[in-house]
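Nothing in this text is a laboratory measurement; each read-out follows from the coordinates by a stated rule. The structure presented is a predicted model; accordingly, all values stated were derived computationally and were not measured. Don't worry about glycine lacking a Cβ; one is built from the backbone with ideal geometry, like all the others, and counts go over all protein chains shown.
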Amino acid sequence: MAMYENWQLFVHDGRHNHAIGVYTHGHARATKLTEEQLIQIEQFRKSHVPPRNILRFFQEQNAGFAQKIYNVVAKIKKNRMQERNTVEQVLCLSTTRDYTVFYRNREDCNMLSDIVVAHPTSIEMLRTWPYVLIMDTTYKINKKLDALKTKWKSRPDFLHYLFNNWLNPVAHKFVRCWTKSHIHFGVETTNRAESEHSVLKLWLSTCHGDLDTVFLNIDSLIEDQIADIKVPLEFSKIKEKHNAKSNHIF
């Protein structure tokens, strides 16, 4: 019995009146994240590990804190943003990483209309090899085709003849008149550009994401590719070169 000034507490039976819980799920104290786990989550997010994969990692350790993972991820992002909106965060990240940034606003409503960012090493490589560029012009071609359809929409018979007899079956045969007017070192397809698109999609992992998250993923992709380029360059400096002409074979 405990006695206080205005009330008294009587405990008739100090034993639990229910069975001990089998699972820790839903118990706040048992599922509280430790400092070590918080550090792990932050490191996972820096490596762009999706929250669902982080959750799976901890579930394999029999930890029952599903929603807390998403709360911690949201808190990490909030601390990183520091009350900046998404566009401001992208500009901040670009500046701190020495990116070259160009953007334009719409004059009628002062909203962002275009933004271009370039990695400093990418610019350095462009200056070193200014004639080696790979780009996919599919969007520009489709835009011209749409304009052609709009211009001649009153002549469906003409469009039918043009697409069915020329553009669809034999367009690849007369497109050389454009490719031969530019230096392309024998590269006449967009396979390399399409391959880069595929790699980028793997790094983005999803079509849903804020602009600042997309920026961080692309930045990591570029850093990874730069590292891949540096490896053979540095290896060539230490590799022993053999000169068969100066050695006597027999």
One finds, for Thr206 and Glu124 with R0 = 30 angstrom and r their Cβ-Cβ distance, a FRET efficiency to the nearest 0.05 of 0.45
Residues whose placed amide H lies under 5 Å from that of Leu112, excluding near-sequence neighbours: Arg106
With a Förster radius of 25 Å, plug the Cβ-Cβ distance of Asp224 and Lys32 into 1/(1 + (r/R0)^6) and report the FRET value to the nearest 0.05. 0.10
By a straight-distance test (C-alpha under 18 Å), which aspartates and glutamates pair with Lys78 as possible cross-link partners, with residues fewer than eight away in the same chain excluded? Glu42, Glu88, Asp210, Asp212
